[in-house]
Amino acid sequence: MQLHIRHETTYRYEQPVKYSIQSLRVTPRRDGGQRALGWRIVGPGRRVEQTDAYGNVTHLLTYEESHREVSIIVQGVVETSGSGLIQDEGPLAPLAYLAATPLTRADARVRAIAAEHLAGAMPLQARLERLAEALHDTIRYTRGVTNVGDEAATVLARGAGVCQDQAHAFVACCRAAGIPARYVSGYFYTGDVGEIASHAWADAWLGENQGWLSIDLTHRSLAGERYCRLAVGRDYRDAAPVRGVRHGGGDEAMHVAVIVAASAQQQQ
């Protein structure tokens, strides 16, 4: 499948910004099951490419001229053939994804949910899918009730959140049960024409012979050919598409527009 993607992020500031630095993870990963046929980033300032410890292609964008607006556009075509199973374990050993982070730490409820759904004699994939179903039902997809700093335990207590929150809860439960799991950021083709948001889901380690199970709690499905993977990490902070710091500017307004289509004509 070929996914035609356009992602524009625009920052507008109340006052002039003296300089800004943005860390971009908006280039498709070189994972099995996907390859970029063409990809470009358009933005101001200087840009340096590198690959981080998780195998994500990152760009450090530095803009040193005074400005009140920054616009970053990424656009390209990605060929996908994923099935939801990723054989390549990545540059880090799966055990690196066992340690809890502030966003995925386990409380008593997280440990209880993990024990309820991940224990037993069923194949591990079936138990992981059972956990994903339970968390989908527990955390209702609701916009505007959480922020990027909310922990998995907080989201579970609230019972509502977005894809990022569902992914964090899944990762937290897996790690509480001793199963390596990682957060994934990327894009999802809905099949509809029009703007969508970028997306998040999770990978869980099945073992050397099977690799990673990539699972989307929001859509109750494995993350197959309709998904483009941008970055993985221990949680959102490792895999956020755009994060940065600035000097000056006052209040900030951010606008994000993402279009994922199966043909270039649908992006027009």
message: If I ask for residues that are of a type in the set (Lys, Arg) and not in a loop (DSSP other than H, G, I, E, B), which ones from region 18-75 would you list?
response: 18, 35, 40, 46, 47, 68
message: If the requirement is being free of Cβ contacts under 8 Å to residues at least 12 places away in the same chain and either of a type in the set (Lys, Arg) or assigned by TED's automatic domain parsing to the domain that holds residue 12 (or both), which of these qualifies: 127, 143, 111, 105?
response: 127
statement: Those residues of region 195-233 which are out of contact with any Ser or Thr (no Cβ under 8 Å at 6 or more places or on another chain) and acidic (Asp, Glu) amount to 195, 208, 216
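Which of the residues spanning region 1-25 are within 30 Å of residue 226 (Cβ to Cβ) and either polar (S, T, N, Q) or touching an Asp or Glu at 6+ places or on another chain (Cβ under 9 Å) (or both)? Don't jump to the end; show me each part of the working.
Step one: filter region 1-25 for residues within 30 Å of residue 226 (Cβ to Cβ), giving 1-11, 22-25.
Scanning region 1-25 gives 1, 2, 3, 9, 10, 11, 22, 23, 25.
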message: Anything in region 110-127 that is within 25 Å of residue 148 (Cβ to Cβ) and buried (at least 16 other Cβ atoms within 10 Å of the Cβ)? List them, or say none.
response: 110, 113, 114
task: Pick out the one residue from 13, 63 that is among the aromatic types (Phe, Trp, Tyr), out of contact with any Phe, Trp or Tyr (no Cβ under 7 Å at 6 or more places or on another chain) and surrounded by 17 or more Cβ atoms within 10 Å (Cβ to Cβ).
output: 13
query: For the subset of region 203-220 comprising residues that are in contact with a strand residue (DSSP E or B) (Cβ under 8 Å, 6 or more places away or on another chain) and within 16 Å of residue 164 (Cα to Cα), which member is surrounded by the fewest Cβ atoms within 10 Å (Cβ to Cβ)?
result: 219
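The values are calculated or read from the model by the stated rules, or taken from the named source; none is laboratory data. Quick caveat, the model's predicted, so the values are computed rather than measured. Neighbour counts run over all protein chains shown; Cβ positions are idealised from the backbone, glycine included.
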